[in-house]
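Participant: Quick one: the structure is below, questions incoming.
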Amino acid sequence: MPAPPRRTRSDALENRARLLEVAARVFAEQGLDAAPAAIAKQAGVGVGTLYRHFPTREALVDAAYRHQLTHVCEQAADLVTRHPAAEATRLWMTHFIGYATAKAGMSAALNAIIASGVDPFVDSRALLTGAVATLLDAGARDGSVRTDVTSQDVLLLMGGVAYAVQHGTEEQAGRLVDLFMDALTKNAAS
């Protein structure tokens with residue numbers, strides 16, 4: 001009988017998480033030109049630790065993207081437990097725009113890994129749809145958000161807002177989220 005798989009040590013998990021956070025930021029800022037050794041150094045680990053977790057640059061980019069997306073999506077459930085649904089939705093949208101803006105900086109890196117045959121977006125839509133559904137369901141329960149919109153509607157509009165913000169300012173992003181929220185909450189109780 002084979003031995004049970006060994007559990008990953010907590011320090012190894014922390015190192016991996018730090019590497020993913022730093023890698024996402026650095027790839028967003030520098031694209032694929034970012035040196036793995038610099039990423040490892042900023043994460044406070046050796047380059048061997050980086051390559052132990054992520055044997056290729058493509059594996060690191062893919063994992064960093066998925067890590068950031070998962071973090072953004074998990075925020076929806078956390079926010080609805082701490083805030084009224086409409087406020088949680090507004091906070092999540094602001095968080096999403098920050099994520100989408102950073103992801104835009106990673107676009108060259110993501111395109112390179114797609115060209116290598118890896119699809120970093122395979123689970124993206126399902127994760128994002130689930131996060132938005134959490135927010136919309138909470139809004140439907142407390143009557144603060146319209147019930148005639150779908151997660152897909154919200155994602156499509158948020159994608160447009162995120163795209164527009166890449167060429168605008170943070171102030172403009174706030175105004176666009178306000179407009180979106182006005183539309184999402186208008187006549188919610190009727």
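Participant: Mind checking the alpha-carbon convex hull of the stretch 142-190 and giving the volume per residue in Å³?
Facilitator: Values: hull volume 3.1 nm³, N = 49.
Dividing the Cα hull volume of the stretch 142-190 by its residues yields 63 Å³.
Participant: Follow-up. Using the heavy atoms of the protein chains and a 1.4 angstrom probe, tell me the accessible area per residue for the chain in square angstrom.
Facilitator: Values: 10700 Å² over 190 residues.
Using a 1.4 Å probe on heavy atoms only, each residue of the chain averages 56 Å².
Participant: From the helices alone, meaning DSSP H stretches of at least four residues, give me the mean residue ellipticity at 222 nm for the chain, per-run term -39500 (n - 2.57), in deg cm²/dmol to the nearest 500. Numbers along the way, then the final one.
Facilitator: Working: 9 runs with 142 residues, N = 190.
Result for the chain, helices only: -24500 deg cm²/dmol.
Participant: Once you have the Cα-Cα distance between residue 114 and residue 14, take 0.36 nm times their residue separation minus that, and quote the gain in nm to one decimal.
Facilitator: Values: separation 100, 0.36 × 100 = 36.00 nm, distance 2.74 nm.
Difference between extended and current length: 33.3 nm.
Participant: Any idea what angle helix 10-30 forms with the longest principal axis of the chain, computed on alpha-carbon atoms, 0 to 90 degrees, nearest 10?
Facilitator: 70 degrees
Participant: Mind checking the full-extension length gain between residue 21 and residue 166? Use 0.36 nm per residue of separation minus the Cα-Cα distance, one decimal, nm.
Facilitator: Between residue 21 and residue 166, full extension yields an extra 50.1 nm.
Participant: Roughly how tilted is helix 85-105, in degrees to the nearest 10 and between 0 and 90, from the longest Cα axis of the chain?
Facilitator: Computed tilt is about 40 degrees.
Participant: Further question on the same structure: Report which label in (1) 12.4; (2) 11.0; (3) 13.7 holds the value of mean projected area of the Cα convex hull in nm² derived from the coordinates of this structure.
Facilitator: Working out mean projected area of the Cα convex hull in nm² from the coordinates points to (3).
Participant: Right, another one. What angle do you read, to the nearest 10 degrees and between 0 and 90, between the alpha-carbon axis of helix 151-165 and the longest principal axis of the chain?
Facilitator: 70 degrees
The values are calculated or read from the model by the stated rules, or taken from the named source; none is laboratory data. All of these numbers come straight from a predicted model, not from anything done at the bench. Quick note on the areas: whole protein, heavy atoms, side chains included, nothing else; ligands and nucleic acids left out. Shrake-Rupley method; radii C 1.70, N 1.55, O 1.52, S 1.80 Å.
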